[in-house]
Amino acid sequence: MHFIDTRCYYVYILTNQNKTVLYTRVTNSLQQRVTEHYKVGLKTFAGKYNTYWLLYFEATKYIKNAIAREKEIKGWSRQKKMDLINTMNPELKFLNEEVFGKWPPEEIVHR
């Protein structure tokens, strides 16, 4: 299990079951946010495309750095994003259970 520091900001990339969508965002609570993506309705992008499978994340201490990194990654081509994911997760495994323990979550973890 990876160590999740609650005093950090995370840039993360989610995908759907078939790995056809890459969804990049930033949060200060990785487990809470991914769980929210899982529980969300169809009104959001994440809900519509079922993007709640964690492929990649990185941590930084400062929110400005996280936001800048999110914008940088969002501007990349799919191939460049896949190259980044491969640096941490070359098997393209869904990291939800490894990082959060039990998956799917029974309830939303509160921040």
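Laboratory data are not the source of any read-out in this text; all were calculated from the coordinates shown. Since this is a predicted model, take the numbers as computed values, not measurements. For neighbour counting, all protein chains shown are included, and Cβ atoms are generated from backbone atoms with ideal geometry for every residue, glycine included.
Okay, here's what the table says:
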item: Rg [Å, one decimal], Dmax [Å, integer] - the range 9-100, C-alpha atoms; result: 12.3, 33
item: Inter-probe distance in nm under a simple model that places probes 7 Å from Cα toward Cβ, at residue 77 and residue 93; result: 3.0
item: Residue of 68, 46, 59 that the Gaussian network model of the chain assigns the largest fluctuation, springs spanning Cα pairs under 10 Å; result: 68
item: Listed residues 36, 72, 58, most fluctuating in the chain (Gaussian network, C-alpha, under 10 Å); result: 72
item: Exposure rule at most 10 other beta-carbon atoms within 10 Å, DSSP loop chymotrypsin sites (Phe, Trp or Tyr not before Pro): the chain longest free segment; result: 4-61
